[in-house]
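All of the numbers you see were taken from the coordinates with simple rules; none came from a lab. Since we're looking at a predicted model, the values are computed, not measured. Reconstructed Cβ throughout: ideal geometry from the backbone, glycine too, with neighbour counts over all protein chains shown.
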Amino acid sequence: MPGPLLYRPPPRWQFWAALGGAIAIHLASVGIAAIKHEPPPVDLTNIPTATVEATLQPEDQPTPPPEDIPIPEPPPIPEVAPEFHEEKPPPPKNAAKPAGPIKAPQAGVPGTMSITGAKAVAIYAPKPEYPYEAKSRHVTGSGVAVLSVDTASGTVTDATMAQSIGSPILDNATTSTFRRWRFQAGKVAPKVKVPITYTLTGASY
């Protein structure tokens, strides 16, 4: 009778040969996949060429101005005879009336009388004296005094300096003298203006 069948393993070289072949096949497939396939170069010799011709158009010429249309002349204006106007002589000018004498202001008429009119109706009008103190110092100047007058009696009620002479001594001498003036009753204005000037020779107005 035949002996029992026993399992015999294959030799070890077959195992390593199979393993090496599998690894080689795997590496070859990976290398082939990694290689880049470059496209073939394009042949440009067969591409047709075209020639483009460009022409420059001339610039737009300016539009010529429109022709002048003759305007018909208007018909002549008929002549009209001018109307006759009778010229009248200018009216005669009135002869200037001679001016009468200037009268002094009457009583009861408000206003300010000048020194000229006041002298005509003055009864007592002494001239202010030049104070020795001012004369020794050669003090001079000009001012305007205003006299307040009672027209019913003609007496001066007050005298003030509307414009100072520039020296209190001369101002006081002027007002104190003018307060003593007297005028004709009913012939003097309520106010009398007297300009006065002091020089080295004395007072004048």
Any idea how many Lys pairs in the range 112-204 come in under 19 angstrom at the alpha carbon, given 8 or more places apart or on separate chains? 7
Exposure proxy check on Leu147, Leu200: fewest-to-most Cβ neighbours within 10 Å is Leu200, Leu147
Considering only the other residues whose Cβ falls under 10 Å of the Cβ of Thr155, what net charge follows from Lys and Arg at +1 and Asp and Glu at -1? +2
Once phi is turned into ³J(HN,Hα) by the Karplus curve 6.51 cos²θ - 1.76 cosθ + 1.60 with θ = phi - 60°, what whole-Hz value does each residue of the range 155-170 show in order, with x for glycine and proline? 8, 8, 8, 6, 9, 10, 9, 5, 9, 5, 6, x, 9, x, 5, 6
